[in-house]
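Undergrad: This structure is in structure tokens; I'll ask about it shortly.
The values are calculated or read from the model by the stated rules, or taken from the named source; none is laboratory data. Note that this is a predicted model, so its numbers are computed, not measured. Neighbour counts are summed over all protein chains in view; Cβ atoms, including those assigned to glycine, are modelled from backbone coordinates with ideal geometry. Remember, those area values only see protein heavy atoms, side chains included, never the ligands or the DNA or RNA. Shrake-Rupley method; radii C 1.70, N 1.55, O 1.52, S 1.80 Å.
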Protein chains: 2
Amino acid sequence: MELLVDPSYAPGATLCAEESLHCVKVMRHRDGDLIVVADGRGNRYECRIEKADPRGCQLSVERIEQMPAPTYKLRMAVAPTKNIDRFEWFVEKAVEIGVSRITPIETEHSERTRVRLDRLERIVLAAAKQSLKYHLAKVDEITPLSDLMSEDESEQRFILHCAETPKEHLMKAAQKGRSTLVLIGPEGDFSLSEVEKALGLGYKECTLGPERLRTETAAMVATNIIALRNQI
Amino acid sequence: MELLVDPSYAPGATLCAEESLHCVKVMRHRDGDLIVVADGRGNRYECRIEKADPRGCQLSVERIEQMPAPTYKLRMAVAPTKNIDRFEWFVEKAVEIGVSRITPIETEHSERTRVRLDRLERIVLAAAKQSLKYHLAKVDEITPLSDLMSEDESEQRFILHCAETPKEHLMKAAQKGRSTLVLIGPEGDFSLSEVEKALGLGYKECTLGPERLRTETAAMVATNIIALRNQI
């Protein structure tokens, strides 16, 4: 059954306008039909439609289920690409594969210092519906790298950069079951001082293998590696 | 140094029109400059520009190097998505991550039975330039699944489908150093009889983990898993 996701939903509330429209006009539901609504915080509501109103459906909750939380925490901090489509594509794929939080970062060599948070949140919502995720990934406003570095408290933290230093493969360095932060730089890479600062804070520098990957591909490959590490 | 890729290049030949235009108008090279040309079959030519003509540069080869072949062979046979952008995106990412051959397949539940091979080849070329690949991935015309199944001779062959049968994770099932074929079905999945036929031919059915992935995401994740298996 198709999932409706409304982050503002709670029992007694009216379904949000966007999902109500979808429910009535696209899914063609009528009064008395059963639907499934997720609030993005792990609650799954089986609801009966009391009034199929495209501006706001009235629902009665018949069953509430708390869905299991993701088995691992992954925060991806990525410098958004000059061409924003590529970054937005990463956001979609990361949600499908599994990510808890995405923080666009501003770095010394960043070519883009703005993102539209509302657009990114819509992409997260659509990807979560598509891939039946009951816990929505959080997306942050663009954050200076130094601020991120001082506030993040993940148990294992990695910086991926292109300078030729001896680096362990992320697939080997990452440990299962630990909350994880991965930093991915912009097209022009992290600066030397940014890398040094990260290393000074205990970040581990890692590689994704011998291939030269675009920023968004590297971010997606790293997301997949952390997912695999936690699956296998 | 930026790589120029011309699959028709050989010593003595004129550089193709597309790359000549790029070389003279975008990279702004002049007579006497040194450039690097790849033929996509592993040859790397360091060339001096004799005549910087945007319709066809004349070059003299100063050094030929045979670049090492990829360390593994991966053929991805994927049902193209209804929205072709998603399939084309997969082609780009697969080339970056590493793939030897991409075969679009026609299956029972396929919603798309045509692809534009010239467009796909252009995407392969652009991604190979971007990620400095000296061996171009081959792209096939769309091929009926049964034809592919009878002609493919890879050492290990996997079918990924969504039916709930006990399946090993591809990351565990795939072995390093063996030529590999991975089959990825359309949005509506492979049919039961397609899966049975594959199993009868010795294909192994595998999973990519618990998440529900779109066709193109599954294809990209599988490409990445085979790459990782061969790196670690």
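Undergrad: Out of B:Glu211, B:Glu194, B:Glu216, B:Glu205, report the one residue that is within 11 Å of chain A (Cβ to nearest Cβ), in contact with a helix residue (DSSP H, G or I) (Cβ under 9 Å, 6 or more places away or on another chain) and either touching a residue at least 12 places away in the same chain (Cβ under 8 Å) or farther than 27 Å from A:Leu208 by Cα (or both). Don't jump to the end; show me each part of the working.
TA: Values: B:Glu211 fails: either touching a residue at least 12 places away in the same chain (Cβ under 8 Å) or farther than 27 Å from A:Leu208 by Cα (or both); B:Glu194 fails: within 11 Å of chain A (Cβ to nearest Cβ); B:Glu205 fails: within 11 Å of chain A (Cβ to nearest Cβ).
Among B:Glu211, B:Glu194, B:Glu216, B:Glu205, only B:Glu216 is within 11 Å of chain A (Cβ to nearest Cβ), in contact with a helix residue (DSSP H, G or I) (Cβ under 9 Å, 6 or more places away or on another chain) and either touching a residue at least 12 places away in the same chain (Cβ under 8 Å) or farther than 27 Å from A:Leu208 by Cα (or both).
Undergrad: Additional query: In the range A:77-119, which residue that is aliphatic (A, V, I, L, M) and within 14 Å of another protein chain (Cβ to nearest Cβ) is farthest from A:Val139 (Cα to Cα)?
TA: Initial filter on the range A:77-119 (aliphatic (A, V, I, L, M)): A:77-79, A:84, A:91, A:94-95, A:97, A:99, A:102, A:105, A:115, A:117.
Still in the running and within 14 Å of another protein chain (Cβ to nearest Cβ): A:91, A:94-95, A:97, A:99.
Working: A:Val91: 9, A:Ala94: 11, A:Val95: 11, A:Ile97: 15, A:Val99: 10 Å.
Among those residues, the one meeting the criterion is A:Ile97.
Undergrad: Given the structure, is B:Thr223 within 14 Å of another protein chain (Cβ to nearest Cβ), more than 27 Å from B:Ala69 (Cα to Cα), buried (at least 16 other Cβ atoms within 10 Å of the Cβ) and of a type in the set (Ser, Thr, Tyr)?
TA: On the way: within 14 Å of another protein chain (Cβ to nearest Cβ): yes; more than 27 Å from B:Ala69 (Cα to Cα): no; buried (at least 16 other Cβ atoms within 10 Å of the Cβ): yes; of a type in the set (Ser, Thr, Tyr): yes.
Answer is no for this residue.
Undergrad: Would you confirm whether or not the range B:16-39 contains a residue that is touching a residue at least 60 places away in the same chain (Cβ under 8 Å) and in contact with a strand residue (DSSP E or B) (Cβ under 6 Å, 6 or more places away or on another chain)? Let's see the steps before the verdict.
TA: Kept after step one, since they are touching a residue at least 60 places away in the same chain (Cβ under 8 Å), are these residues of the range B:16-39: B:38.
If we keep only those that are in contact with a strand residue (DSSP E or B) (Cβ under 6 Å, 6 or more places away or on another chain) as well, we get B:38.
Yes, that holds for at least one residue.
Undergrad: Give the range A:13-67 a look and list any residue that's open to solvent by 70 Å² or more (accessible area, probe 1.4 Å) and either within 22 Å of A:Ile123 (Cβ to Cβ) or part of a helix (DSSP H, G or I) (or both), or say none.
TA: Those that are open to solvent by 70 Å² or more (accessible area, probe 1.4 Å) and either within 22 Å of A:Ile123 (Cβ to Cβ) or part of a helix (DSSP H, G or I) (or both): A:Glu18, A:Leu21, A:Lys25, A:Val26, A:Arg41.
Undergrad: Only one of B:Glu187, B:Glu164 is free of Cβ contacts under 8 Å to residues at least 12 places away in the same chain, open to solvent by 70 Å² or more (accessible area, probe 1.4 Å) and acidic (Asp, Glu). Can you tell me which? Walk me through it before giving the result.
TA: Values: B:Glu187 fails: free of Cβ contacts under 8 Å to residues at least 12 places away in the same chain.
Just a single option satisfies the conditions, and that option is B:Glu164.
Undergrad: Among the listed residues A:Ser150, A:Ser154, which satisfies the condition of being part of a loop (DSSP other than H, G, I, E, B), open to solvent by 20 Å² or more (accessible area, probe 1.4 Å) and either more than 14 Å from chain B (Cβ to nearest Cβ) or not β-branched (Val, Ile, Thr) (or both)? Reasoning before the result, please.
TA: Numbers: A:Ser150 fails: part of a loop (DSSP other than H, G, I, E, B).
After ruling out the rest, the residue left standing is A:Ser154.
Undergrad: Something else now. Can you tell me which residues in the range A:120-138 are part of a helix (DSSP H, G or I), open to solvent by less than 50 Å² (accessible area, probe 1.4 Å) and in contact with a Leu (Cβ under 9 Å, 6 or more places away or on another chain)? Before you say what the answer is, go through the steps one by one.
TA: Step one: filter the range A:120-138 for residues part of a helix (DSSP H, G or I), giving A:120-130.
With open to solvent by less than 50 Å² (accessible area, probe 1.4 Å) added as a condition, the list becomes A:120, A:123-125, A:127-129.
Within the range A:120-138, A:Val124, A:Leu125, A:Ala128, A:Lys129 meet the criteria.
Undergrad: Is it true that some residue in the range A:162-172 is closer than 15 Å to A:Asn224 by Cα and out of contact with any strand residue (DSSP E or B) (no Cβ under 7 Å at 6 or more places or on another chain)? Full working, then the answer.
TA: From the range A:162-172, those closer than 15 Å to A:Asn224 by Cα are A:169-172; that's our starting set.
Now restrict to residues that are out of contact with any strand residue (DSSP E or B) (no Cβ under 7 Å at 6 or more places or on another chain): A:171-172.
Within the range A:162-172 (the criterion being closer than 15 Å to A:Asn224 by Cα and out of contact with any strand residue (DSSP E or B) (no Cβ under 7 Å at 6 or more places or on another chain)), the answer is yes, since at least one residue qualifies.
Undergrad: How many of the residues in the range B:1-12 are at pLDDT below 90 and open to solvent by less than 10 Å² (accessible area, probe 1.4 Å)? Lay out the reasoning, then the answer.
TA: Quick first cut of the range B:1-12, residues at pLDDT below 90 only: B:1-3.
Then drop every residue that is not open to solvent by less than 10 Å² (accessible area, probe 1.4 Å), which leaves B:3.
The total comes to 1.
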